[in-house]
1. So, VAL113, is that one touching a helix residue (DSSP H, G or I) at 6+ places or on another chain (Cβ under 6 Å) and either surrounded by fewer than 19 Cβ atoms within 10 Å (Cβ to Cβ) or of a type outside the set (Asp, Glu) (or both) or not?
2. May I ask you to list the residues in the stretch 124-159 that are of a type outside the set (D, E, K, R) and under 17 Å from ILE49 (Cα atoms)?
3. Please report, ordered by residue number, the helices (runs of 4 or more DSSP H) entirely within the stretch 71-167 with at least 3 residues that are among the polar types (S, T, N, Q).
4. Only one of ILE67, ILE54 is at pLDDT 95 or above, assigned to a strand (DSSP E or B) and of a type in the set (Val, Ile, Thr). Can you tell me which?
5. Does the stretch 30-47 hold any residues that are in contact (Cβ under 8 Å) with a residue 60 or more places away in the chain and either of a type in the set (Lys, Arg) or crowded, with 18+ Cβ neighbours inside 10 Å (or both), and which are they?
6. Just to be sure before I move on: is PRO62 in contact with a Leu (Cβ under 9 Å, 6 or more places away or on another chain) and either at pLDDT 80 or above or open to solvent by less than 40 Å² (accessible area, probe 1.4 Å) (or both) in the structure I sent?
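The values are calculated or read from the model by the stated rules, or taken from the named source; none is laboratory data. Since the model is a prediction, treat every value here as computed from it, not as a measurement. Quick reminder, even Gly has a Cβ in these numbers, built from the backbone with ideal geometry, and neighbours come from all protein chains shown. The protein model used for the area step is the full one, side chains on, heavy atoms only, and it has no ligands, DNA or RNA in it. Shrake-Rupley method; radii C 1.70, N 1.55, O 1.52, S 1.80 Å.
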Amino acid sequence: MLTQPNEVATLCERFYLRKTMIRILGIDPGSRRTGYGVIDVAGSKIAYISSGIIRLPEKSLPDRLKIIFDGVSEIIEQYHPQHMGIEEVFFAKDPRAALKLGQARGAAIVAGVNAGLPVGEYSARSVKQAVVGTGAADKHQVQVMIKQLLKLSQSPSEDAADALAVAICHAHSMHTNAALGNAVKGFARGRHK
């Protein structure tokens, strides 16, 4: 998490105990296409709000990063999420591709942090586990489960489905943190303080 732990814990407890509606923005970053998904969550109920892709033209990397930042900022302004989740960089065979992906993530994260959003980071395996039930799921399985979980008439694009999956993973993480409540406070690295 990129926010203060106590602030996030308080939000999680409110969300879980009072079934307060929380709007979550999920981001699937990319240097060519960045997917986004917005959901509302109240307790165990999840509702689809919007999803899509920020398409990046053939321009220089700095220009594309600005488009990502501006696009995510615009989505935040339009939908007013209270939290943001983003997929972590995965290990890539091409280090240059991993660096570009990291920079795209950075542009999206800065947009969220500038808007005052708590930002959660999740591995691709964790996201797939939260939505499909296995961390080894392929993109088609994620699309099918997103369609079912959010009761959509058709499957969203791969990037939008991945972003919605990140938002759902963030909701599950908040739910777990809230359920644990004070149980984990006072522990550090597996031992009591």
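1. Values: touching a helix residue (DSSP H, G or I) at 6+ places or on another chain (Cβ under 6 Å): no; either surrounded by fewer than 19 Cβ atoms within 10 Å (Cβ to Cβ) or of a type outside the set (Asp, Glu) (or both): yes.
No; evaluated as a whole, the condition is false for this residue.
2. Passing the criteria: GLN143, MET145, ILE146, GLN148, LEU149, LEU150, LEU152, SER153, GLN154, SER155, PRO156, SER157.
3. Details: elements: 95-114, 124-131, 139-149.
Qualifying helices (runs of 4 or more DSSP H): 139-149.
4. Details: ILE67 fails: assigned to a strand (DSSP E or B).
Checking each option against the conditions leaves just ILE54.
5. Matches in the stretch 30-47: GLY30, SER31, ARG33, THR34, GLY35, TYR36, GLY37, VAL38, ILE39, VAL41, ILE46.
6. Details: in contact with a Leu (Cβ under 9 Å, 6 or more places away or on another chain): no; either at pLDDT 80 or above or open to solvent by less than 40 Å² (accessible area, probe 1.4 Å) (or both): yes.
No, not satisfied.
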